[in-house]
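Any read-out appearing in this document is the output of simple, stated calculations on the displayed coordinates, not a laboratory observation. The model shown is predicted, which means the values in this text are computed figures rather than measured ones. Backbone-built Cβ (ideal geometry, glycine too); neighbour counts: all protein chains shown.
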Amino acid sequence: MKNISLLGSTGSIGQSTLGIVEKFPDRFKVVALAAGNNIDLLERQVRRFKPAVVAVSGEASAAALKKRLHDLPVSVFSGIEGMVRVAAADGADITVSAIVGTAGLVPTMAAIRAGKAIALANKEVLVTAGELVMAECRGRGTSLLPVDSEHSAIFQCLHAGENRDIRKLLLTASGGPFREYSKTDLAKATLAQALRHPNWSMGRKITIDSATLMNKGLEVIEARWLFGLPPERIKVLVHPQSIVHSMVEYCDGAVVAQLGMPDMKGPIAYALSYPERLEGVSPSLDIARVGTLTFEEPDLDRFPCLAYAFDALKAGGSMPAVLSAANEVAVRHFLEERIGYNDIARVIRKTMDAHAPSPVTTVEDALKADLWARQEAERIIEDRLG
Ligand SMILES: NC(=O)c1ccc[n+]([C@@H]2O[C@H](COP(=O)([O-])OP(=O)(O)OC[C@H]3O[C@@H](n4cnc5c(N)ncnc54)[C@H](OP(=O)(O)O)[C@@H]3O)[C@@H](O)[C@H]2O)c1
């Protein structure tokens, strides 16, 4: 029996994680849950899974939730302190990090420091402070298990060889809903179109990131830290069928790939049960029915966000944190229909151009860069709209 603390329980990854717990009640138990402000869903989750500790981001939400849960023996907390309590909850063996954005950084660090194994969905954590997070894991002997399907695929492919024999990592990308759009079409792309992902059902922010290919850029940075390879040995390939989840090329020319249906339950369950595999987690892949698997180079001219992520990695220090924070701000404004699709890339580029990267040696350094970038991106958007 593994005890789970789940950060981001009301989100897409959070709900899929609880689906796995429900399917394997002899294997997993939920001891702590945290969410943003969706207390209706969180209340149902608490009644169903009976955690000892829960947290929500707002104080008012926490007060309302506490009232609703007065009949249950559960402690309710709020804010960053609440997230940290859940992340490091007594009795938890593994913490699932599935809050979206930089908000997940401090709780994830707290879980690592408390000696919990981490199932990491939140890629922004490694983009913002990858070097620090990996050093903390090494220092504490904590395992960091990837939940992102591409990184889970690479992790699985790495069982086929030695790390010293890796030539490169091949990260696949579906190409998103705009793969075949011309630049003229992209300039007119709407929010509704951007939210219609061809293969995956996910939260709103990552769905937009998939439409700009920033998601793949963030994943390149995530892979850089998770697997310790320089950016020139991480290659992105557009693979519209989303069947090959990623590949590793070894020094002898062998390429090892992991395939499966596009379904996040597979990588989540693998992170939770590693090194075991659980029976019947994902639907079986009928590869003859899929028939054709195709691969193409990404078009950095139409999708500049991917190039910006490589630029940020090259610049190093605080630049990836700035890239990620500017992206969060721009995507939020796009989701609110205040800026257009092409503005997302423009805001990120301008924010990066205004930043002189500095070293990130503490979490506070990363958060300072994050805050600076948020303010700068907001200013750029205000100027544009004003
Ligand atoms: N969805 C996928 O298939 C997928 C795949 C790979 C990686 N990921 C990564 O996993 C993470 C989560 O993605 P998602 O798609 O599950 O996102 P999502 O559906 O938007 O869910 C986000 C979760 O984070 C919570 N949250 C947001 N802001 C918070 C804050 N300030 N404090 C505490 N909780 C907060 C939300 O709570 P409320 O809703 O209650 O406000 C919700 O539970 C992202 O980093 C994403 O890149 C997702």
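Laid out as a table, the results:
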| read-out | value |
| --- | --- |
| Residue 162-residue 113 FRET efficiency (beta carbon distance; Förster radius 41 Å; 0.05 resolution) | 0.85 |
| Pairs of Cα atoms farther than 33 Å apart, the chain, % | 28 percent |
| Loop-located GluC sites (Glu not before Pro) in the range 200-232, at most 12 other Cβ atoms within 10 Å (DSSP) | none |
| Sorted by Cβ neighbour density within 10 Å, fewest at the top, the residues 295, 77, 24 | 295, 24, 77 |
| Cα-based shape type of the range 117-194, given that a ≥ b ≥ c are square roots of the gyration tensor eigenvalues and the cut on a/c is 1.5 | prolate |
| Range of Cα positions in the range 248-386 per principal axis (Å), largest first | 54, 35, 32 |
| Potential extension, residue 75-residue 368 segment - 0.36 nm per residue separation minus Cα distance | 102.4 nm |
| Potential lengthening between residue 279 and residue 385 on full extension [0.36 nm per residue; Cα-Cα distance subtracted] | 32.9 nm |
| Residue among 229, 300, 158 with the largest mean-square fluctuation in a Gaussian network model of the chain, springs linking Cα atoms under 10 Å | 300 |
| Exposure proxy ranking, count of Cβ atoms within 10 Å, fewest first, for 185, 370 | 185, 370 |
| The chain - mean residue ellipticity at 222 nm from DSSP helices (-39,500 (n - 2.57) per run, n ≥ 4, rounded to 500) | -15000 deg cm²/dmol |
| Cross-link partners of residue 368 among lysines (Cα-Cα below 21 Å; sequence separation of 8 or more within a chain) | 123, 314, 350 |
| Cβ-Cβ FRET estimate between residue 254 and residue 93, R0 fixed at 22 Å, reported to 0.05 | 0.05 |
| Modelled FRET efficiency - R0 25 Å, residue 27 with residue 302, Cβ distances, 0.05 increments | 0.05 |
| Inter-label distance for residue 138 and residue 60, nm, one decimal - labels placed 7 Å from Cα along Cα-to-Cβ | 4.6 nm |
| Largest-first principal axis extents, alpha carbons of the range 183-270, Å | 46, 30, 22 |
| 136, 279, 150, 22 arranged by Cβ crowding within 10 Å, fewest neighbours leading | 279, 22, 136, 150 |
| Fully extended contour minus Cα-Cα distance, from residue 188 to residue 353, at 0.36 nm per residue | 56.9 nm |
| Lysine pairs within the range 1-89, Cα separation less than 25 Å, 8 or more sequence positions apart or different chains | 9 |
| Kirkwood Rh (inverse of mean 1/r, distinct Cα pairs), the range 59-150, angstrom | 13.9 Å |
